[in-house]
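One structure below.
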C-alpha cells in the first residue's frame, strides 16, 4: 500500500477557492504545514517538474523519484488553471519538518479521469499501525479508499471526469475518527483502532491521469 499513485495535481488554493466560490480567500497560514499550488513554486526542465515548493511558511520542497510530472500552464478542464499532470510511475515526495501530525484537515480539489486501481491522491506518514497514515485513494474503478496505516477502508465513490472538492478531517472531537466530505456531502466516517498521529512525511504523487486543483493541509500540532 505504500505507493502513492494516479493523479494530476493542479492549480492553487487561492485561485481554486476564487474559481469555485467567486470569492478569493487568503488561507490562514498559522496552522498550515503544507500548501501546494501549481502556479507558484514549480521548477521545470523541458516541461517536466523537477521541484515543487510548498507555499506554506515551511517551504518543503517536493522532488520526483524519477521522471517528474508534466506542468501544464492552462488546462481547459480546470478552468484554464495550471496543472501538474502525473502518469506512469511519476511521483513527488517530500518530508515536512516537525514532530507529529495529529489533528489535521486535508483539502483537495481534484479530478480522476480514468478508472482507478488503488490510486492515491496523497498519503502522509508511515504504515504499521491503525491511525499512523492520513490518505485518500480510489480503488476498484471509482470506490473511495482510505488506508489508515494498517486497515483498509472502502466507502462511497469518487466520480471521474469532473473536478471535486474533498475535505478530510482527522482527530477533532475523537482522535481516532476520520471524516470525509466530498462536494459538501459527508460521505463517510471511519474509526481507527489507535489515535491518528504520524511523522510528517507527506507524499504527493501519481500514476496515470487524474486531477487536483489544490492540496492544502492544516494541523494544530
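The values are calculated or read from the model by the stated rules, or taken from the named source; none is laboratory data. Remember, predicted model here, so these are calculated numbers, not experimental data. As a convention, Cβ positions derive from the backbone with ideal geometry for all residues, glycine included, and neighbour counts pool all protein chains shown.
From the list 134, 62, 86, the one residue that fits, being at pLDDT below 80 and either in contact with a helix residue (DSSP H, G or I) (Cβ under 9 Å, 6 or more places away or on another chain) or buried (at least 17 other Cβ atoms within 10 Å of the Cβ) (or both), is 86. Inclusion of residue 80 among residues that are under 29 Å from residue 184 (Cβ atoms), touching a strand residue (DSSP E or B) at 6+ places or on another chain (Cβ under 8 Å) and free of Cβ contacts under 8 Å to residues at least 24 places away in the same chain is warranted.
Each row is one residue, and each column tells you yes or no for (1) touching a strand residue (DSSP E or B) at 6+ places or on another chain (Cβ under 8 Å); (2) loosely packed, with under 15 Cβ neighbours inside 10 Å; (3) in contact (Cβ under 8 Å) with a residue 24 or more places away in the chain; (4) in a loop (DSSP other than H, G, I, E, B).
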{"site": "146", "(1), (2), (3), (4)": "yes, no, yes, no"}
{"site": "155", "(1), (2), (3), (4)": "yes, yes, yes, no"}
{"site": "167", "(1), (2), (3), (4)": "yes, no, yes, no"}
{"site": "173", "(1), (2), (3), (4)": "no, yes, no, yes"}
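Do we find that residue 188 is part of a strand (DSSP E or B) and at pLDDT 90 or above in this structure?
Here the answer is no, as residue 188 does not meet what is asked.
The residues of region 34-71 that are without any contact (Cβ under 8 Å) to a residue 40 or more places away in the chain and in a strand (DSSP E or B), listed by number, are 43, 44, 45, 48, 50, 51, 53, 61, 63, 64, 70, 71.
Give me a count of the residues in region 72-83 that are surrounded by 17 or more Cβ atoms within 10 Å (Cβ to Cβ) and assigned to a strand (DSSP E or B). Final tally of qualifying residues: 5.
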